[in-house]
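**Q** Sharing a structure below in structure tokens format, with a few things to ask.
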Amino acid sequence: MAHITLALKTPTGDTLATHALDTTGAPQHIAAMNGAYYQFTDAASGLAPEGLITKRQGDDLYITFDDGTDLIIDHYFSQGQGALVGQQANGGLRNYPVAALGEHELAAEVAAAPAASAPDTAGKAGLAVLGGLALVGGGIAIAARDHDKDHHDDNVAPQPQPEPQPNPQPGSNPQANHAGKIAISGEMKVGQTLAAQVSDGDGAPDNVQYQWLRDGEPISGETGATYRLSSDDAGHKISVHAEYTDAKGTAEKPTSTALDVENITQTPVANHEGTVSITGGDKVGSTLTANISDADGVPDTGVTYQWLRDGQAIDQANGKTYILTPDDADHQISVQAAYKDKAGHDEDQTSDIRDIPASPSSGPYSEYAVKAAASTVVNVKNPAFGAKGDGKTDDTAAIQKAIDAVAAKGGGIVDIPNGTYLINTLHQESSYFETSGLVMKSNVTLRMTSTTLLKAMPNDSQYAAIVTIKDANNVHLIGGTIEGDRASHTGEYGEWGHGVSITNSTNVTVKNVTAKECWGDGFYVGKRGGSNINNENITFEQVHAEHNRRQGMSITHGKHIKVQHSVFKDTDGTDPRAGIDIEPNKNEQVSDVVVTHNTFIGNRTGFVAMNHLHGGTTSVKNITFEYNKVQDNHVGVSYIGVEGGKIRHNTIYQKHDMPKDYPFHHQYGIELRNGVRPVSGITVDNNSIYGGNIIDRYTKGNTITNNHFKSAVYLHGTAQPGKILTAEVYDGDYGTLRVHKSVQVPSKSVSYRWYADGVEIKGAHESTYKLTEAERGKKVTVKVTFTDAAGHNESATSDATMPVGYKNHAPTNITLSPRIIYGNEDHAEVGLLKAIDPDHNDRFTYTVSDSRFEINGDMLRLKKGQRIDYNKVNSFNLTVTATDQMGASYKKTFTVYVRAPRGTPTFDYYDLTLSANKLMENKAGATVGRINLRDRSIGKTHTYSVSDKRFEIVNGVLKLKAGYKIDYALEKTIAIAITASNSGGLTFRKTFTLQVQDDPNYPAKVHRAKYVSPEPVIMHSEDKEDGIQKAKTVENDESAHNSGQYQEQRDSHDIDSAESDSYQLTADDAGQHISANIADTNIAEARETVDSAHNQVDTNDAPLTLGDEEAPIHISANLKDAAQAELADKSSADILEYLGEHGSDAFTFDAGETLHTLT
């Protein structure tokens, strides 16, 4: 049964009438119209019907599509005999022959006529006139078809006909044809233009179709009346073929004489180098166009384009035009064009750069946050802070110092200019679950350039963040790239190593920041225990999260959060591997989140909001997901246990590249599922889903309406001659709303057309195609058309293959993430495999050396019935081989770590003990005690870390590092946190308080009957970086001696090369304790060693030098009354001058005098 539409049209293409033809009932009658032609369309394909048979009955024309007469055109032969046509895939019109004579008359004429044949189409040359023997050929076809109807003779097929012209007027007495001719004019030299000239005594039309030939073979794309000779033509023969219908209705197909092109081996044509320019706006959403100018001629086809962002290729941006995306804001765009000009020269040109400005924020500054404070602006490379940005120096302390200095002044901007800044993410530890590199403060903006990189130093911590915003208000993080240590992480466990961590903060804006390669999330928004501040008013704008291990972004707590114009890409490593995951912890809440105008691409899960684990007060409410693009994620969008929200106006492209039983292989685009609370109040509308479905898993109270399921086609196979490509078609209309099932379209329902470099491959109309040598070097696609299960006419085109016959390269690496397996668990998963290969879009199969394991798609896991004994195995090795489609392979061995079984109790407070807690003062490398860990797991190894960088744990013993000692006067107790982990990933942290023991002999004292102990005096400028600190001993030995041996110390450690009575403070001294040790011989010839008091250096950034009028001087000593009175109102410079002149005369050693302290 066919569904045919008939349109009656004028020669200019205007439609006069349309008819829907029913081929199942009685014949349908329509009246012929003089001056019209008849165009038939098969509704299933949108093209001309495959079979159309005509028969004359008197003045009427009978037409058959299936068996029996389906249409009768009344008075057809007396009303103009309009042509019968149908649209072909190449855009031309197919002509159906018309039976103008009765069958017995026709047969007699055929017997006396010579055989004739005509092509099925004349392409786009226009509609040809029927006449003469072509009509006879049609009569043969009619006779054969009618014979077949009666006698079932399958060996006779209708003969093809030339395309008709509307309203042909065949003459009753045809005149003899004057054969058409075609000749070439022009000079046969490379670079010259040839012209085709047609002559025909019967009259040549204007719409001649041409094909230029080289040595008799068609030249691709050269179908015009002129042709410019290229270097490829040198030494070859050029001719031109034409096809047309002359004025008397005769189909003509002349070919010119082949002419020799002069060989240019000795006389090459000079190249006129082409140029490429860009036109179009410079705002996000604008369309840019590449324009080529070349004096040697730009080809109509064969130009390849590559758009570039900051000089790097933009994925899938290979057209003449390019639409600017949020990714392009604040970057430079250019385009590269490669082609062969019409003189045969290979051109590869790149345009000038276009600067794309940053997109403005919505609202005055951002959606929620207040305007940033800007009263103070500092640069971290200022000597006061000393950041280097050289990719070698740990810049954590320097940048933090700048943040603190700006915060101390009420807020402002900290600028981090171009450079790579290494960040120690363990620099600041507020708890075991929170270690940070940089900690932002209220009213501070951290502003970076597009070429600023904050890069995490490798570590083994499960918990760390490069930038932390905690307990803060009005914070802005603008620009730059934040890169984690995913590739260099030295531990195996944990998933909390974040790029940017926001906890318990309000009015925060993160804009135009890239967070990539993080051990955990690119961006994290959550809550810390012990804080009463809730996250509120958080905006992410134009952020990028790329190849992070757990999530692009996690939101576990907060309200009024907006994420817009951002990109979340290639998240993969440890579950759930989402672009964005909204998933509160127990008794925490997330509400009023808007995620809009973002792109999610290449993640395991695109976007998920869920409340599926915890009861109590845990909730996820009012989540809006709209106007986003979700592409090539294994799971599209999932709402689980969400109360209230919208999923609307999104475009979702489902991924189908894994086996049907793959654990992450879901063919839906959107899922609604109940969690610990029912999912309710969700509106799902106006989404366009390509190759996927919407699954409502028996939820209630949700509205699903006006969504559009579009078709998608995917190619499988190897792009090599002789190999078979298979097309798989998916359409959500083949799914069921409440059942998760395949939405693959049966191949028998689909019409296929295969293309090589955009040119249709003749006869390739099946779901599979075997590649031939003719496709070598070309990229193959397939276009499908069909009517889906909902009655929609669908069409889709696949992505292109690699060039057929591509030179294959073996894989160069394999990654496995994570590399852990839960012990004692049947069928446990290890991680996901990924092969690295120079051949873009190559596909791989994997094998594993251990027969207990299997690989499903890219998932490495134990086979059913297999498990690893946690108490017996800490780790083991597996060798994996990746083999590409051409058989080239790569092998790699991985160490897999056995994790404690799910639900295993972790360590408790009493499992970690310290044998002693006393520490002796002034003893470098002093030992504290032995660490003991009670581990209920059998056969595990243990590692320890300590929070205070002055300490270390060696062979289970806690001790000071070599060269470090403690001063009782400064620290009577020390709180130190020890983290213990076993090889199964169980971790515990406990804080111990150390009691510092006073050494009665420190600082050293000299006991003599004649003298009291010497009293050290420190005279110095205010302890600021870059200040000069001067030490001098003043004793009751009657005079001070400057001949002593000096040694300045930082935190009780000798400072290299600091061995004089003056010391210039440096950035290393910021926040540290500085003291001096002086050894000399007094007038009693006794050797004395004296330690000064410790002075802590201020961290402020405005150093005052000694001698400045406002630089304070601190003197604590036995000043004489006269000196006290003289110096009370003096400036620092005057005080120093006075003391320099009077020396010891300013002091008294009479115990009866009053002790004066002068500042």
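The values are calculated or read from the model by the stated rules, or taken from the named source; none is laboratory data. As the structure is a computational prediction, the values presented were derived from the model and not from experiment. Glycine also receives a Cβ, built like all others from the backbone with ideal geometry; neighbour counts cover every protein chain displayed.
**Q** With the condition kept exactly as written, say whether any residue in the stretch 904-916 is surrounded by 13 or more Cβ atoms within 10 Å (Cβ to Cβ), more than 15 Å from residue 823 (Cα to Cα) and among the β-branched types (Val, Ile, Thr).
**A** yes
**Q** I would also like to ask the following. So which of 563, 595, 590 is within 20 Å of residue 614 (Cβ to Cβ) and modelled with pLDDT of 95 or more?
**A** Criteria check complete, one pass: 590.
**Q** From 513, 543, 508, grab the single residue that is in contact with a strand residue (DSSP E or B) (Cβ under 8 Å, 6 or more places away or on another chain) and more than 24 Å from residue 620 (Cα to Cα).
**A** 513
**Q** Where in the stretch 412-523 are there strands (runs of 3 or more DSSP E), lying fully within it, with 2 or more residues that are more than 20 Å from residue 563 (Cβ to Cβ)?
**A** 412-416, 419-423, 428-431, 434-440, 444-448, 452-456, 463-470, 496-503
**Q** While we're here: I need the full set of residues from the stretch 821-862 which are charged (D, E, K, R), under 21 Å from the mean Cα position of the chain (by Cα) and closer than 16 Å to residue 892 by Cα, in order please.
**A** Listed by number, the residues that qualify are 834, 837, 858.
**Q** Of the residues 423, 413, which is in contact with a strand residue (DSSP E or B) (Cβ under 9 Å, 6 or more places away or on another chain), more than 30 Å from residue 895 (Cα to Cα) and in contact (Cβ under 8 Å) with a residue 40 or more places away in the chain?
**A** It is 413.
**Q** Next question, about the same structure. Can you report the number of residues in the stretch 673-717 which are at pLDDT below 90, loosely packed, with under 15 Cβ neighbours inside 10 Å and of a type in the set (Gly, Ala, Ser)?
**A** 0
**Q** Here is a list of conditions, (1) loosely packed, with under 15 Cβ neighbours inside 10 Å; (2) without any contact (Cβ under 8 Å) to a residue 40 or more places away in the chain, and residue 848 meets all of them except one; can you say which number that is?
**A** (1)
**Q** Residues that are in contact with an Asp or Glu (Cβ under 8 Å, 6 or more places away or on another chain) and modelled with pLDDT of 90 or more: which strands (runs of 3 or more DSSP E) entirely in the stretch 164-270 hold 3 or more of them?
**A** 209-214, 237-245
**Q** Pairs please, first residue from the stretch 772-785 and surrounded by fewer than 17 Cβ atoms within 10 Å (Cβ to Cβ), second anywhere and among the hydrophobic types (A, V, I, L, M, F, W, C) and not in a loop (DSSP other than H, G, I, E, B), Cβ atoms under 8 Å, 6+ apart in sequence or on different chains.
**A** 774/756
**Q** Scan the stretch 690-705 for residues that are under 30 Å from the mean Cα position of the chain (by Cα) and in a loop (DSSP other than H, G, I, E, B) and jot them down.
**A** Result: 691, 692.
**Q** Considering only residues that are of a type in the set (A, V, I, L, M, F, W, C) and in contact with a Phe, Trp or Tyr (Cβ under 6 Å, 6 or more places away or on another chain), which ones fall in the stretch 756-783?
**A** Residues satisfying the conditions are 761, 764, 782.
**Q** Here is a follow-up. Please state which one of 929, 985, 939 is at pLDDT below 90 and either touching a helix residue (DSSP H, G or I) at 6+ places or on another chain (Cβ under 6 Å) or crowded, with 17+ Cβ neighbours inside 10 Å (or both).
**A** 985
**Q** (1) free of Cβ contacts under 8 Å to residues at least 40 places away in the same chain; (2) hydroxyl-bearing (Ser, Thr, Tyr); (3) crowded, with 19+ Cβ neighbours inside 10 Å: which one isn't true of residue 539, the others all being true?
**A** In the conditions (1) free of Cβ contacts under 8 Å to residues at least 40 places away in the same chain; (2) hydroxyl-bearing (Ser, Thr, Tyr); (3) crowded, with 19+ Cβ neighbours inside 10 Å, residue 539 misses (1) alone.
**Q** From the residues in the stretch 656-670 that are in contact with a Gly (Cβ under 8 Å, 6 or more places away or on another chain) and either among the basic types (Lys, Arg) or in a strand (DSSP E or B) (or both), which one is modelled with the highest pLDDT?
**A** The qualifying residue modelled with the highest pLDDT is 670.
**Q** If I go through the stretch 561-597 residue by residue, how many of them are touching a Phe, Trp or Tyr at 6+ places or on another chain (Cβ under 6 Å) and surrounded by fewer than 23 Cβ atoms within 10 Å (Cβ to Cβ)?
**A** 2
**Q** Something else: Kindly check whether there is at least one residue in the stretch 915-925 that is assigned to a loop (DSSP other than H, G, I, E, B), hydrophobic (A, V, I, L, M, F, W, C) and assigned by TED's automatic domain parsing to the domain that holds residue 834.
**A** No, that holds for no residue.
**Q** Select, from 24, 64, 15, 5, the only residue that is crowded, with 17+ Cβ neighbours inside 10 Å and β-branched (Val, Ile, Thr).
**A** Unique residue meeting the criteria: 64.
For (1) at pLDDT 95 or above; (2) aromatic (Phe, Trp, Tyr); (3) in contact with an Asp or Glu (Cβ under 8 Å, 6 or more places away or on another chain), each residue gets a yes or a no:
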site: 896; (1), (2), (3): no, no, no
site: 909; (1), (2), (3): no, yes, no
site: 916; (1), (2), (3): no, no, no
site: 920; (1), (2), (3): no, no, yes
site: 924; (1), (2), (3): no, no, no
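**Q** Which condition number in (1) touching a strand residue (DSSP E or B) at 6+ places or on another chain (Cβ under 8 Å); (2) under 26 Å from residue 901 (Cβ atoms); (3) not hydrophobic (A, V, I, L, M, F, W, C) is the one that residue 856 fails?
**A** Failing condition for residue 856: (1).
**Q** Another question, then. Condition first: among the hydrophobic types (A, V, I, L, M, F, W, C), in a strand (DSSP E or B) and touching an Asp or Glu at 6+ places or on another chain (Cβ under 9 Å). Can you find one or more residues in the stretch 800-816 that meet it?
**A** No, every residue in the stretch 800-816 fails to be among the hydrophobic types (A, V, I, L, M, F, W, C), in a strand (DSSP E or B) and touching an Asp or Glu at 6+ places or on another chain (Cβ under 9 Å).
**Q** Additional query: Among the residues of the stretch 926-948, what is the count of those that are without any contact (Cβ under 8 Å) to a residue 40 or more places away in the chain, in a loop (DSSP other than H, G, I, E, B) and out of contact with any Asp or Glu (no Cβ under 8 Å at 6 or more places or on another chain)?
**A** Selection size over the stretch 926-948: 2.
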